[in-house]
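A.B. asks: Here it is, the structure, as structure tokens.
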Amino acid sequence: MAAFIASYVGLQRDPQPHQVPIAVTGPSLPGEVQEALGDTVDVHPAADAAAARQALEQHDVVAVLSAETSDHLSLKTAGAAGSSTTSAVSGLVDAYAHGAGAHVTTEDVIPLAKHDARGLAGFYVAFGVSLAGFVLGSNVLGLTGIMRLRHRLLLLAGASAAIGIVGAILVGPVLGAAPAPLIPLMFILALLAASAAFTTKLLGTLLGPIGLPITTLVLLTVGNATSGAVIGANLLPSGARAISALLPPGAAVRAIADLSYYGGSHLAIPAITLALWAAVAGLILAWHPRLTRRRTVAS
């Protein structure tokens with residue numbers, strides 16, 4: 001309870017931008033913006049408007065700032081980056097423009113899907129799939145002694161695949177909240193379910209009854225609170241930023257957004273992260289009985 005309240009309420013009560021990546025065009029504007037806004041932004045100088053737009057469409061930055069005239073700035077944002085991030089960028093640019101005596105026009109060039117107006121579909125999908133994986137792993141723990149290990153591992157893998165398929169179909173074709181290609185989305189959600197299920201089974205096996213509360217704390221509470229879906233990753237405190245992309249929910253949220261709005265340009269790292277969680281936990285589970293037997297014989 002304390003962890004849930006501290007994570008969700010604590011992280012949202014005072015979000016502060018930190019090195020939010022924005023592309024800035026022009027010969028002098030990038031340096032002026034960086035100097036004025038400090039480490040709240042990470043300015044990516046762009047050669048021209050086309051290069052800046054490409055960086056935005058590939059999710060290398062979350063906004064593009066350019067000077068139309070000496071007193072008129074143009075800000076292009078990606079609503080797909082999340083309302084908290086775009087609001088923070090707009091506020092920072094407005095503050096800079098006020099100090100420079102300029103006015104700003106803002107355009108959302110990568111808007112969210114029609115049926116995900118608040119940009120929270122990724123969060124709820126990641127939370128739901130993580131929860132399903134946790135329940136799956138908890139239930140399979142109860143089959144120890146009833147079902148052979150290889151059958152339990154196959155059950156975890158098969159049910160995780162089913163969770164991914166159902167989740168992707170619901171959030172994509174049925175509800176229209178994630179405009180991602182269906183097959184890659186199924187794959188990512190299946191990996192998320194598998195990482196939660198295998199990790200739950202592993203910690204329950206190694207740690208006994210305390211394993212499930214630890215899994216709940218790490219994956220369901222901290223993992224989802226720091227995923228970057230509700231509060232953008234660049235607005236989280238430093239500790240939360242450090243672990244956000246390393247935990248399965250954060251990796252999944254990034255992958256869902258990347259598939260839905262950015263053409264999968266940065267899909268590899270979150271997919272590898274999810275696969276590593278599932279594979280490492282599965283390998284340890286597979287080898288654990290052998291290691292236990294060796295210790296018994298040695299003793």
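Derivation of every value follows stated rules applied to the coordinates shown; laboratory data play no part. What you see is a predicted model, and the numbers here were worked out from it, not measured in a lab. Positions of Cβ are backbone-derived with ideal geometry, glycine not excepted, and every protein chain shown enters the neighbour counts.
A.B. asks: Hey, got the dipole for the stretch 77-215? About the Cα centre, +1 on K and R Cβ, -1 on D and E Cβ, debye to the nearest 20?
C.D. replies: Taking the Cα centre of the stretch 77-215 as origin, the dipole is about 800 debye.
A.B. asks: Translational diffusion coefficient, Stokes-Einstein: compute it for the stretch 198-299 using the Kirkwood radius over C-alpha pairs as Rh, at 37 °C and 0.692 mPa s, and state it as an integer in µm² s⁻¹. Numbers along the way, then the final one.
C.D. replies: Details: Rh = 15.1 Å.
Estimated via Stokes-Einstein, D reaches 217 µm²/s.
A.B. asks: Find the eigenvalues of the gyration tensor of the Cα atoms of the stretch 1-108, then list the square roots of 5 times those eigenvalues as equivalent ellipsoid semi-axes, largest first, in whole angstrom.
C.D. replies: Values: eigenvalues 148, 46, 28 Å².
Calculated on Cα positions only, the semi-axes equal 27, 15, 12 Å.
A.B. asks: Where does the chain land on Rg(C-alpha)/(2.2 N^0.38 Å)? It would help to have the intermediate numbers written out before the result.
C.D. replies: Numbers: Rg = 22.0 Å, N = 299, 2.2 N^0.38 = 19.2 Å.
Normalised Cα radius of gyration, the chain: 1.15.
A.B. asks: Also, I was wondering about something else. How would you rank 23-33, 220-230, 145-155, 72-82, highest first, on the average number of other Cβ atoms within 10 Å across their residues? Display every interim value, and only then the final one.
C.D. replies: Working: 23-33: 17.2, 220-230: 25.2, 145-155: 12.5, 72-82: 22.1.
For the peptides 23-33, 220-230, 145-155, 72-82, the packing ranking is 220-230, 72-82, 23-33, 145-155.
A.B. asks: With a ≥ b ≥ c taken as the square roots of the eigenvalues of the C-alpha gyration tensor of the stretch 136-235, please select rounded if a/c is under 1.5 and otherwise prolate if a/b is larger than b/c or oblate if it is not?
C.D. replies: Taking the square roots of the gyration eigenvalues as a ≥ b ≥ c, the stretch 136-235 is oblate.
A.B. asks: Can you tell me the orientation of helix 248-261 relative to the chain, as the angle in degrees between its alpha-carbon axis and the longest Cα principal axis, to the nearest 10?
C.D. replies: Approximately 50 degrees, to the nearest 10.
A.B. asks: Pull up the DSSP beta bridges for the chain and report the antiparallel fraction as a percent, rounded to 5.
C.D. replies: Looking only at bridges with both residues in the chain, the antiparallel portion is about 25 percent.
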